[in-house]
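Everything below concerns the one structure shown next.
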Amino acid sequence: MSKDCGNHGGGKEATVRRICAAVIAFILIALITIFLVWVILRPTKPRFVLQDATVYAFNLSQPNLLTSNFQVTLASRNPNSKIGIYYDRLHVYATYRNQQITLRTAIPPTYQGHKDDDVWSPFVYGTAVPIAPYNSVALGEEQGRGFVQLLIRADGRVRWKVGTLITGKYHIHVRCPAYINLGNKAAGVLVGDNAVKYTLVTKCSVNV
């Protein structure tokens, strides 16, 4: 009787080992396949361009409070011919000298196909945002000269789609310089009563 029980136990252990070996082999094959496809296709990161910015409000008041309201137009292109991009999360906001001056605005999740283009026009705004004193001084000086140098940022996560394979999530950071001529409304196009739309067409840096 004891011999039979020993045989049954050994059979179960062997079955478990075979299942574990099969699972490990499957995972290794899948990882190797993804790696080879990745190396062969060599995905290129998306390209972004800041096309324009419509300024509805930009007021610096004392003590060091900034109220701003923009609508920016971001164009994105997927340069890959065989790889799609899932934008699972993307938040757009404005900064001045590394200080965030607006709230983050979420872009709806989207899929960008091969060689596809997408255009987003989110509003970014901040009401009575406290600005560091040294940034307030610099911003006041720039306003006095007419030009204000901001940075439109987009941070989020993306996934790559190669055939039926979809990768894990990768961080994406987009940085778009925006030189806005607030001192000369004639440099833009009047929108409504007070807003001015400025054409920028600025290439953005992208890190993935």
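The values are calculated or read from the model by the stated rules, or taken from the named source; none is laboratory data. In this text the structure is predicted, and so the values were computed from the model without any measurement. So basically every Cβ, Gly included, is an ideal-geometry build from the backbone, and we count neighbours across all protein chains shown. Keep in mind that these areas ignore ligands, DNA and RNA; they rest on the heavy atoms of the full protein, side chains included. Shrake-Rupley method; radii C 1.70, N 1.55, O 1.52, S 1.80 Å.
Residues in the stretch 189-196: is at least one open to solvent by 50 Å² or more (accessible area, probe 1.4 Å), farther than 16 Å from residue 46 by Cβ and β-branched (Val, Ile, Thr)? Spell out how you get there, then give the answer.
Keep residues of the stretch 189-196 that are open to solvent by 50 Å² or more (accessible area, probe 1.4 Å), which gives 189-194.
With farther than 16 Å from residue 46 by Cβ added as a condition, the list becomes 189-194.
Next cut, β-branched (Val, Ile, Thr) only: 189, 191.
Yes, the conditions are met somewhere in the stretch 189-196.
Report whether or not residue 106 is more than 18 Å from the chain's Cα centre (by Cα) and over 25 Å from residue 135 (Cβ atoms).
No, not satisfied.
Only one of the numbered conditions (1) under 19 Å from residue 68 (Cβ atoms); (2) of a type outside the set (Phe, Trp, Tyr); (3) open to solvent by 40 Å² or more (accessible area, probe 1.4 Å); (4) in a strand (DSSP E or B) is not met by residue 178, and that is (3).
The set of residues in the stretch 65-99 being surrounded by fewer than 18 Cβ atoms within 10 Å (Cβ to Cβ), in contact (Cβ under 8 Å) with a residue 40 or more places away in the chain and over 18 Å from the mean Cα position of the chain (by Cα) consists of 65, 67, 69, 82, 97.
Going by the structure shown, is residue 122 in contact (Cβ under 8 Å) with a residue 40 or more places away in the chain and closer than 19 Å to residue 202 by Cα? In short, yes. Restricted to the stretch 114-139, and to residues there that are farther than 30 Å from residue 161 by Cα and of a type outside the set (A, V, I, L, M), the residue that is nearest to the chain's Cα centre (by Cα) is 125.
Checking each residue in the stretch 131-147 for being in contact with a strand residue (DSSP E or B) (Cβ under 7 Å, 6 or more places away or on another chain) and either more than 10 Å from residue 60 (Cα to Cα) or of a type in the set (Val, Ile, Thr) (or both) picks out 131, 132, 135, 142, 146, 147.
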